[in-house]
Amino acid sequence: MLLTAVVWAQDVEVATTVAFTEGPTVDRAGNVYFTELMSQRIMRLGVDGVLSTFREKSNVANGLLIDGQNRLVACEGAEWGLHGTKVKGTPRVTRTNLSTGKLEILAEQFEGKPLVAPNDVTIDSKGRLYFTDLSGGAVYRIDAPGKVSRILTTPDVQKPNGIQVSPDDKILYLVEANGAEGGARLIRAYDLQADGTVKNMRVHYNFSPGRSADGMSIDTAGNLYASAGLVRRRGTSETLDTKCGVYVISPAGKLIRFIPILEDTITNNAFGGPDMKTLYVTAGKTLYKFRTDVAGMAR
């Protein structure tokens with residue numbers, strides 16, 4: 001009996017999504033925290049391999065960071081949606097004491113106006129936080145709770161997403177993730193001044209016409225690890241020219257390594273492990289990990 005293969009002409013489409021992971025960070029003990037946007041939770045993967053919920057009703061928490069005092073900083077409240085599902089919280093940046101669970105608000109407004117969509121956050125060696133407001137088209141610095149400065153805004157930036165500070169605190173890296181026709185899909189680099197302001201913008205790495213990076217981390221040699229690309233198109237002008245995975249980009253702006261992650265939508269990554277050589281990557285419903293040759297920074 002002769003069997004013939006049947007080839008269907010139509011493409012396979014996603015009917016629904018049950019999880020969307022984002023914003024990984026690792027505490028000093030090695031526990032991994034990451035956000036799950038569909039159910040609005042902050043998850044915790046313990047060093048024992050047990051997955052648990054750290055915080056229910058996360059207020060649409062997205063990007064996370066463990067600061068120098070082992071506290072969990074979260075960008076919260078942006079309107080978010082996928083496949084017809086929309087959620088929205090109160091836009092703010094919070095900090096949670098991991099020992100007591102006490103939560104404090106670090107930023108929720110600037111010059112009397114509420115934030116729009118806090119997205120991702122990083123820290124410098126002085127403990128100053130820098131976060132992006134994606135839909136608000138701005139980048140802010142937090143020097144202390146309630147002490148907020150805006151260091152970039154439109155039209156100089158479009159859709160600021162991932163953000164990082166170089167190991168020597170001299171460069172601020174910023175992802176532009178504008179999926180609109182002609183939008184910026186790249187990583188900008190700025191000279192970071194001692195007072196926490198920036199100047200001298202240049203394009204560090206360009207992802208256009210494909211999907212730009214979302215989040216990124218940095219190692220002790222100053223290489224960026226940017227989560228970028230798509231497996232399938234998603235109704236924007238973004239093409240599939242940017243393969244889905246982690247792009248390791250040198251301080252000179254050159255691609256030195258590519259790690260494919262074949263799951264939509266890849267979002268972010270963070271270093272952890274006893275030697276800080278394990279990179280955790282959020283993509284779709286999954287938390288991945290792989291080993292690196294260079295130790296990463298906890299920022």
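Please treat every number below as a calculation from the coordinates, not as lab data. What you see is a predicted model; the values in this text were computed from it and never measured. Using ideal geometry, Cβ is built from the backbone for each residue, glycine included, and neighbour counts are taken over all protein chains shown.
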Practice task
Can you work out the PRE-style zone for Gln158? Point 7 Å along Cα to Cβ, and I want the residues of region 218-240 with backbone N under 11 Å.
Solution key: 237-238
Problem - Relative intensity, log₁₀ I(q)/I(0), of region 252-299 from a Debye sum that treats every alpha carbon as a point, q = 0.21, 0.22, 0.27 Å⁻¹ - result: -0.80, -0.86, -1.08
Problem - Alpha-carbon Debye profile of the chain, log10 I(q)/I(0) at 0.08, 0.11, 0.13 Å⁻¹ - result: -0.32, -0.60, -0.84
Exercise for the section: Please give the length that would be gained between Glu79 and Thr239 if that part of the chain were fully extended, namely 0.36 nm times their separation in residues minus their C-alpha to C-alpha distance (nm, one decimal). Expected result: 55.2 nm
Practice task
May I ask you to work out the translational diffusion coefficient for region 12-135 at 37 °C, viscosity 0.692 mPa s, via Stokes-Einstein with Rh from the Kirkwood sum over Cα pairs, reported in whole µm²/s?
Solution key: 219 µm²/s
Exercise for the section: Given the peptides 183-190, 229-236, 109-116, arrange them by the average over their residues of other C-beta atoms within 10 Å, most packed first. Expected result: 183-190, 229-236, 109-116
Handout entry: Label zone at Lys126 (point 7 Å along Cα-to-Cβ), backbone N below 13 Å, region 195-213
Key = 195-198
Fill in the blank from the handout: Taking Lys and Arg as +1 and Asp and Glu as -1, residues besides Leu240 with C-beta under 9 Å from its C-beta add up to +2
Practice task
Just subtract the alpha-carbon distance of Ala295 and Glu181 from 0.36 nm times their residue separation and send over the number in nm, one decimal.
Solution key: 37.3 nm
Completion exercise
Taking every other residue with Cβ under 13 Å from the Cβ of Ala61 and scoring Lys and Arg +1, Asp and Glu -1, one gets +2
Practice task
Starting from region 55-154, pick out the trypsin sites (Lys or Arg not before Pro) whose DSSP state is loop and whose Cβ has at most 13 other Cβ atoms within 10 Å.
Solution key: Lys57, Lys88, Lys102, Lys126
